[in-house]
1. May I ask you to list the residues in the range B:103-159 that are touching a residue at least 12 places away in the same chain (Cβ under 8 Å) and at positive phi?
2. State whether one or more residues within the range B:168-188 are modelled with pLDDT under 80, within 14 Å of chain A (Cβ to nearest Cβ), surrounded by fewer than 10 Cβ atoms within 10 Å (Cβ to Cβ) and not in a loop (DSSP other than H, G, I, E, B).
3. Could you check, for the range B:89-96, whether at least one of its residues is in contact (Cβ under 8 Å) with a residue 24 or more places away in the chain and farther than 24 Å from residue B:169 by Cα?
4. Would you confirm, using the coordinates I've provided, whether residue A:65 is away from chain B (no Cβ under 13 Å) and under 23 Å from the mean Cα position of the chain (by Cα)?
5. Has the range A:53-61 got at least one residue that is assigned to a helix (DSSP H, G or I), modelled with pLDDT of 90 or more and within 18 Å of the chain's Cα centre (by Cα)?
6. Just checking, how many residues over the range A:168-179 are over 16 Å from residue B:182 (Cα atoms) and either surrounded by fewer than 18 Cβ atoms within 10 Å (Cβ to Cβ) or at the interface with chain B (Cβ under 9 Å from one of its Cβ atoms) (or both)?
7. Which one is farthest from residue B:172 (Cα to Cα), of the residues in the range A:23-52 that are facing chain B (nearest Cβ under 8 Å) and not in a helix (DSSP H, G or I)?
8. Against the conditions (1) within 14 Å of another protein chain (Cβ to nearest Cβ); (2) in a strand (DSSP E or B), where does residue A:88 fall short? Just the number, please.
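The values are calculated or read from the model by the stated rules, or taken from the named source; none is laboratory data. A quick note: this is a predicted structure, and the numbers were derived from the prediction, not measured. Here the Cβ is made from the backbone with ideal geometry for all residues, glycine too, and neighbour counts use every protein chain on show.
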């Protein structure tokens, strides 16, 4: 079935609103693409790669880079902080594991952006920008959790398991909404 | 794919955040009450359930004769043949309360359209129930596959996925209910008009006309200022 698309408005360069069935189809495509990318991304991330495999080595070095970044920031705020492997030593020593990097949120954000109907160049640019924002926020989370552990150890579990996940999810929604608004402009102009 | 404007999103986010703060505050007595409700519901579902010759039983610490912090309930796995029992604590807050609170906060932040609330609530409760059952089932599966019981084998990959998706990742227990609510709105939005009309009484014409008049006045004001 081949349906004609409405022609762009000559004065604004934008297309008139799509018919309801087209919009439903676009929404369904978005939901399905989002779900497929999110599930495949999660499976790829959580797969128990052997430590001596390429993926395992890449995963370890990625986490180490994360810990080193957190260590650099923390060492400026607390000179007693020293990073060793995946562990941060100081007044509140902790170990960064695979679940501490906020990757689940990154995967969901990536799935939403990649599934959004827009040009690939814009999607990739939006994805890169959004991931930088979310990764930076996760670094703030790691650093803040260190100080929560130092000054309010009783609140650590609440901050770690409830407060920061809510903030990260909210940030991901906000980043996606901003990104989608930008992608939508592109879709409206290019069709 | 339509994107709501920034003001609408900001208001929804603020409403959701306020609801999350209220719902996640550890009010006195809430942990024990929710733990008791959780244990009673789980016991109702798991009553007489046996996996690989192991009987499952969930009860409150008080019923088990233990003293535990609020929100914790006791899971007892009993080998039906030998009678050997293994006990462990389950966190009802992480397993069920937080996802429920996030789902309720999302429902308050992004409410369904008038005339579709019953249908939306039914679909939402069904989806959330399925998600919570999966999470609780995954926890029980991990306990059954543990070295002390070994009534079930998940394999390394299965165990890692179950741990990561349902238990270790706190972000998932927040993101999943929020996404489930959006999925609920999407699914209900796909329901054909004629089914919606039978599912819930349509809006009264007077209320609808008053809203149209308000909307028209708002548009006129927007154009002149």
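1. Once the filter is applied, which keeps residues that are touching a residue at least 12 places away in the same chain (Cβ under 8 Å) and at positive phi, the range B:103-159 yields only B:115.
2. So far as the range B:168-188 goes, no, none of its residues is modelled with pLDDT under 80, within 14 Å of chain A (Cβ to nearest Cβ), surrounded by fewer than 10 Cβ atoms within 10 Å (Cβ to Cβ) and not in a loop (DSSP other than H, G, I, E, B).
3. no
4. yes
5. No: the range A:53-61 contains no residue that is assigned to a helix (DSSP H, G or I), modelled with pLDDT of 90 or more and within 18 Å of the chain's Cα centre (by Cα).
6. Number of matching residues: 2.
7. Step by step, filter the range A:23-52, then rank; the result is A:48.
8. Of everything listed in (1) within 14 Å of another protein chain (Cβ to nearest Cβ); (2) in a strand (DSSP E or B), residue A:88 misses just condition (1).
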